[in-house]
1. Of the residues that sit in the stretch 36-50 and are part of a loop (DSSP other than H, G, I, E, B) and in contact (Cβ under 8 Å) with a residue 12 or more places away in the chain, which one is farthest from Q85 (Cα to Cα)?
2. I'd like the full set of residues that are of a type in the set (D, E, K, R), in a strand (DSSP E or B) and surrounded by fewer than 18 Cβ atoms within 10 Å (Cβ to Cβ), limited to the stretch 1-34.
3. Any chance the stretch 60-67 includes a residue that's farther than 15 Å from L13 by Cβ, surrounded by 12 or more Cβ atoms within 10 Å (Cβ to Cβ) and aliphatic (A, V, I, L, M)?
4. For the stretch 34-45, which positions are modelled with pLDDT of 90 or more and in contact with a Phe, Trp or Tyr (Cβ under 9 Å, 6 or more places away or on another chain)?
5. Within the stretch 52-66, does at least one residue satisfy the condition of being outside any strand (DSSP E or B), without any contact (Cβ under 8 Å) to a residue 24 or more places away in the chain and touching an Asp or Glu at 6+ places or on another chain (Cβ under 8 Å)?
6. Is it fair to say D27 is at pLDDT 95 or above, at negative phi, charged (D, E, K, R) and touching a helix residue (DSSP H, G or I) at 6+ places or on another chain (Cβ under 9 Å)?
Amino acid sequence: MINSYLNEVWENLFWQGMEAVLYGNGDIWVRQQGTQAWDEGDIIYKLPLSLDYWGDSYFVSTDEDGDLVKDETMKPDFIEDMTRQIKEGY
């Protein structure tokens, strides 16, 4: 469940104004950041997806045009680190 969630987060990183939400039943949703739903109490974790949040992370590098991009070789480290944080309740 957590691994699927973090893969979804990774695929949608830098989507401005959005967040990834993980529900206790394993459902994963990407929604507008700050939105609240009737089942908000069932959410066990949420992460912002915007570049503003992730821009200075260890897995972000610049391409030949100077644009920030995800370093795909860092995906396993991202998943490992974020899994630990989720399990520890951060």
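The values are calculated or read from the model by the stated rules, or taken from the named source; none is laboratory data. Every value quoted in this text rests on a predicted model; they were computed, and no experiment measured them. Note: ideal-geometry Cβ built from the backbone for every residue, glycine included; neighbour counts use all protein chains shown.
1. D39
2. Across the stretch 1-34, the qualifying residue is only R31.
3. Within the stretch 60-67, not a single residue is farther than 15 Å from L13 by Cβ, surrounded by 12 or more Cβ atoms within 10 Å (Cβ to Cβ) and aliphatic (A, V, I, L, M).
4. Hits for the stretch 34-45 are D39, D42, I43, I44, Y45.
5. Yes - at least one qualifying residue is present in the stretch 52-66.
6. yes
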